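Report on one structure; see the data block that follows.
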Amino acid sequence: MFRKVLSILLVIIMSASVLPAEDESMSTLLVSDIPITYGDESFRERILQKTGGRRDPIGLVLTGGSARAVAHLGVLEYLEENGIVPDFIISNSMGSIIGMLYAAGLKPDQITEILNASELSDYFSFTLPLEGGLLLPSGFQTLVDSVVGADLRLEDLEIPIMVVCEDLVTRREVRITEGDFSQVMIASFALPVYFPPVEYRGHLLIDGGVVSLAPIDAAYEYTDTVILSTAFYDVPTLNLRNPITVLNVAFEAGKNQKAAEDIKAHDNLIWIRCAVEHFSFMDFAKAPEMASIGYKSAELKAAELSGLIRTGVSDGMMEIREGYKRKIANTLRSLSYFKRVEAAAPSLILGFSLESDQEWSAHKYLTDSVDLLFGITYRDRGFETGIGIGGAFDITTPETAGAYPAIEGFLSLYPLDNLRFSFEAAADFCHEPWYIPQMYLREGFDWIIDARKDFYSVAFRQGFEYMTSFKGHGAESTALIVSALVDGNLKIDWFDIDMSLGYLLSADSIVFENMRHYGEVRLSSRFYLPPWETFFIEAAAFSRFSLDGQGYVPLFLSDGYVSPKIGKDVNYYNHYPVAGASDEARYHASIISIYAGYDVSASPTFGEFLIIEDTEIGVYADMLLRDLSFSVSTGVEFQTSLSLIGLVKLPFRMRLGYDSWSNSFASSFMLSLRM
């Protein structure tokens, strides 16, 4: 009997140790459909202040849709024109960017100004996914903070707003009406894999649109008068055999069904269906067109909207908008210089860069490799710095082609918006023995004297470059370049023109031995051929000439002429006589370039994960005059940008052709992806 009782007690004890865990797991599952709301009571009070309890509040729901969410701007514009201003807003995903900025007091056209201030790829950085995402939105957060202020909070907005996210910790929906403005905004569009989740009060928040497309139910908890603006997704040209597309569409199917159920469940819902479903989800280039569609879609609902109260824009909102004018102007001015705004807080980026220096606009003369580096970048107010370790690839000529270890570091200082001091140092381990590096040092000073976006710019640039251990030079193993350039750009309707006037001082060593003085002039222009506006002709003229009459005029890869004779050999830095060389330019080296191309409008994608855009194909002919000698390099050119969901771009340009100077095949590559 005693043994039976003991056995029963042991079973009870063991069950007690197991059941709570099961109960806890079951409890978590059973409450997963119950949202967590922060600031509900104050949210209701603020809505009540709007209406005074005399009428039913007007709620506006803005769905996600990535770039398609820009259509909400057209909806807001139509509502405002008709005196309809929502008493509160419920939003998720990219709809929250529009909704939050509007709730903060910005006009629809002011929001458009901010989003179009620069390419979105300027605000996002590719990073190692150590925190759960491939892209860091710190630049976009800085952009928002520069306009609304770094200390703005949701509970202080002119229009109450609720942002709907999903939490990875509790697996529940989180509804946020209070907290740091930009932090919540970043959380609202933190699409899994692409962006790291955002910490908020013990949660790890991601884009609420991954579970629910339209948070309609949340709005009906506060009112019976709801306007729903949607920017759903239904691209008919998707490749349903693509694995990424299959995964995306599979997730979308369930969300579409839930959205349809919610819409049909409310007979009094005013549904403004923005007909932008056919646009790609990151097609921000067509933002004006989508906003126009949003306006027209709202116009179709004029009869249903006519019964709503028309309070108009409040005096407080108008005052706030006036204050934003100056902030927006300052932000746009800052972006027009170096495509940056002052960091609101320090940021640390772990990632990689892939970059070549074969582009004359970089104003680098003594570098000619393609570098793939893994490293770390730190950004704070007024400066950024970083270091990278990886490999350098010399692909200038078949004779010198190779790969070797490299380490680089940089520091950039911005004492003013239009002023930059930069310092670079690189060590390439390309010699025998391997531990003796080739060193490259550069100091740069960039002063953008004036700039008007999409009109003109004028800049003064100064550089100091020093290279040691030039391969093949024996005793003459060092080189120095001091440059001073004035750049100008002018854009008028269907053509733009670039101008540059500069001075170069070259020497054989850091103590300025064997100095030479040169001037250089560059002029280039692109003309789009009406009426097509896709075909264009680009013409350029460049000349470097001796100012002291001593010669010998050097050519660099960044000058643009494609030839195997321009690289890390005696012709790359030939300001001194070279025994046996008969084709040196003593007085001038001039290049006349003609490029005829076609601007490809199509942007093919791989499951809308990788997007190919900004594609051009064409033919080029470069004529080189070195004193009385003449040569030509001609062939085909292809350039494009490979972007990750349209937010981080890797521009790439390739030239393949024939060079009469070397009587051989010629090629050149240019690409750039920075952390």
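The values are calculated or read from the model by the stated rules, or taken from the named source; none is laboratory data. Just so it is clear, the structure is predicted and the values come from calculations on it, not from any experiment. Methodologically, a virtual Cβ is constructed for each residue, glycine included, from the backbone with ideal geometry; neighbour enumeration extends over all protein chains shown. When the accessible area is computed, the model is the full protein with side chains, heavy atoms only, and any ligands, DNA or RNA have been set aside. Shrake-Rupley method; radii C 1.70, N 1.55, O 1.52, S 1.80 Å.
Please verify whether the stretch 52-61 includes one or more residues that are farther than 15 Å from Ile227 by Cα and in contact with a Phe, Trp or Tyr (Cβ under 9 Å, 6 or more places away or on another chain). Steps first, please.
The initial filter retains those residues of the stretch 52-61 that are farther than 15 Å from Ile227 by Cα, namely 52-55.
If we keep only those that are in contact with a Phe, Trp or Tyr (Cβ under 9 Å, 6 or more places away or on another chain) as well, we get none.
No; the residues of the stretch 52-61 include none that is farther than 15 Å from Ile227 by Cα and in contact with a Phe, Trp or Tyr (Cβ under 9 Å, 6 or more places away or on another chain).
Condition check: at pLDDT below 95, open to solvent by 10 Å² or more (accessible area, probe 1.4 Å) and touching a helix residue (DSSP H, G or I) at 6+ places or on another chain (Cβ under 7 Å). Does Pro196 satisfy that? Please lay out each step first, then the result.
Details: at pLDDT below 95: yes; open to solvent by 10 Å² or more (accessible area, probe 1.4 Å): yes; touching a helix residue (DSSP H, G or I) at 6+ places or on another chain (Cβ under 7 Å): yes.
It is true that Pro196 is at pLDDT below 95, open to solvent by 10 Å² or more (accessible area, probe 1.4 Å) and touching a helix residue (DSSP H, G or I) at 6+ places or on another chain (Cβ under 7 Å).
Taking the stretch 287-345 as the region of interest, how many residues are of a type in the set (D, E, K, R) and not in a helix (DSSP H, G or I)?
Going through the stretch 287-345 one residue at a time, the tally reaches 5.
One residue is enough: does the stretch 643-652 have a residue meeting the conditions over 19 Å from the mean Cα position of the chain (by Cα) and either assigned to a strand (DSSP E or B) or on the phi > 0 side of the Ramachandran plot (or both)? Give the derivation first.
Filtering the stretch 643-652 down to residues over 19 Å from the mean Cα position of the chain (by Cα) leaves none.
No, because not a single residue in the stretch 643-652 is over 19 Å from the mean Cα position of the chain (by Cα) and either assigned to a strand (DSSP E or B) or on the phi > 0 side of the Ramachandran plot (or both).
When only residues in the stretch 575-586 that are crowded, with 20+ Cβ neighbours inside 10 Å and not acidic (Asp, Glu) count, which is modelled with the lowest pLDDT?
If we filter the stretch 575-586 for residues that are crowded, with 20+ Cβ neighbours inside 10 Å, which is where we start, we get 575, 584-585.
Subset that is not acidic (Asp, Glu): 575, 585.
Values: His575: 45, Ala585: 73.
Restricting to residues being crowded, with 20+ Cβ neighbours inside 10 Å and not acidic (Asp, Glu), the top hit is His575.
Let's see how each residue does on (1) modelled with pLDDT of 85 or more; (2) in contact with a Ser or Thr (Cβ under 9 Å, 6 or more places away or on another chain):
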residue	(1), (2)
Phe2	no, no
Val5	no, no
Ala21	no, no
Leu29	no, no
Ile36	yes, yes
Ile47	yes, yes
Val85	yes, yes
Tyr102	yes, no
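Could you tell me which residue of the stretch 34-56 is least open to solvent (accessible area, probe 1.4 Å), considering only residues that are assigned to a loop (DSSP other than H, G, I, E, B) and touching a residue at least 60 places away in the same chain (Cβ under 8 Å)? Can you show your working first?
First, pick out the residues of the stretch 34-56 that are assigned to a loop (DSSP other than H, G, I, E, B): 34-35, 39, 52-56.
Now narrow it down to the ones that are touching a residue at least 60 places away in the same chain (Cβ under 8 Å): 34-35, 39, 55-56.
On the way: Ile34: 83, Pro35: 42, Gly39: 16, Arg55: 63, Asp56: 65 Å².
Result: Gly39.
When you scan the stretch 296-311, do you find a residue that is under 32 Å from the mean Cα position of the chain (by Cα), at pLDDT below 90 and not aliphatic (A, V, I, L, M), even just one?
Scanning the stretch 296-311, I find no residue that is under 32 Å from the mean Cα position of the chain (by Cα), at pLDDT below 90 and not aliphatic (A, V, I, L, M), so the answer is no.
Run Glu277 past the list (1) assigned to a loop (DSSP other than H, G, I, E, B); (2) modelled with pLDDT of 90 or more; (3) under 24 Å from Ala259 (Cβ atoms); (4) of a type outside the set (A, V, I, L, M, F, W, C) and report the number of the one that doesn't hold.
(2)
Filter the stretch 57-96 down to residues that are open to solvent by 10 Å² or more (accessible area, probe 1.4 Å) and more than 23 Å from Ala260 (Cα to Cα), then give me how many there are.
Matching residues across the stretch 57-96 total 8.
Please go through the stretch 484-527 and give me each residue that is open to solvent by less than 30 Å² (accessible area, probe 1.4 Å) and hydroxyl-bearing (Ser, Thr, Tyr), ordered by number.
Within the stretch 484-527, Ser500, Ser506, Ser509, Tyr518, Ser524, Ser525 meet the criteria.
Among the residues of the stretch 211-251, count how many are modelled with pLDDT of 80 or more, of a type in the set (Val, Ile, Thr) and open to solvent by less than 40 Å² (accessible area, probe 1.4 Å).
6
Take the residues in the stretch 444-456 that are assigned to a strand (DSSP E or B) and either among the charged types (D, E, K, R) or more than 23 Å from Phe383 (Cα to Cα) (or both); name whichever of them is modelled with the lowest pLDDT.
Within the stretch 444-456, the match that is modelled with the lowest pLDDT is Arg452.
Tally time: how many residues in the stretch 382-399 are more than 25 Å from Ala344 (Cα to Cα) and either modelled with pLDDT of 90 or more or part of a strand (DSSP E or B) (or both)?
First pass over the stretch 382-399, keeping only residues more than 25 Å from Ala344 (Cα to Cα): 389-399.
Then drop every residue that is not either modelled with pLDDT of 90 or more or part of a strand (DSSP E or B) (or both), which leaves 389-394.
Matching residues across the stretch 382-399 total 6.
Look through Leu413, Leu441, Leu372 and report the one residue that is open to solvent by 20 Å² or more (accessible area, probe 1.4 Å), at pLDDT 95 or above and of a type outside the set (Lys, Arg).
Details: Leu441 fails: at pLDDT 95 or above; Leu372 fails: at pLDDT 95 or above.
Only one candidate passes the filter, namely Leu413.
Does at least one position in the stretch 602-613 carry a residue that is surrounded by 18 or more Cβ atoms within 10 Å (Cβ to Cβ), assigned to a loop (DSSP other than H, G, I, E, B) and at pLDDT 85 or above?
no
Go through the stretch 148-175 and give me each residue that's part of a strand (DSSP E or B) and either without any contact (Cβ under 8 Å) to a residue 40 or more places away in the chain or aromatic (Phe, Trp, Tyr) (or both). Step through it out loud before you land on a result.
Going residue by residue through the stretch 148-175, those that are part of a strand (DSSP E or B) are 153, 161-167, 173-175.
Residue satisfying the conditions is Arg153 alone.
Do the conditions hold for Ala596, that is, is it of a type outside the set (Val, Ile, Thr), under 36 Å from the mean Cα position of the chain (by Cα) and at pLDDT 90 or above? Steps first, answer last, please.
Values: of a type outside the set (Val, Ile, Thr): yes; under 36 Å from the mean Cα position of the chain (by Cα): yes; at pLDDT 90 or above: yes.
The answer is yes for Ala596.
Is it the case, given these coordinates, that Arg516 is of a type in the set (D, E, K, R) and either at pLDDT 90 or above or within 26 Å of Ile617 (Cα to Cα) (or both)?
On the way: of a type in the set (D, E, K, R): yes; either at pLDDT 90 or above or within 26 Å of Ile617 (Cα to Cα) (or both): no.
For Arg516, the condition - of a type in the set (D, E, K, R) and either at pLDDT 90 or above or within 26 Å of Ile617 (Cα to Cα) (or both) - is not met.
Hey, does the stretch 614-623 have a residue that's closer than 30 Å to Ser280 by Cα, more than 26 Å from the chain's Cα centre (by Cα) and part of a strand (DSSP E or B)?
Going residue by residue through the stretch 614-623, those that are closer than 30 Å to Ser280 by Cα are 614-618.
From what is left, the residues that are more than 26 Å from the chain's Cα centre (by Cα) are 618.
Now drop any that are not part of a strand (DSSP E or B), which leaves 618.
Yes, some residue in the stretch 614-623 is closer than 30 Å to Ser280 by Cα, more than 26 Å from the chain's Cα centre (by Cα) and part of a strand (DSSP E or B).
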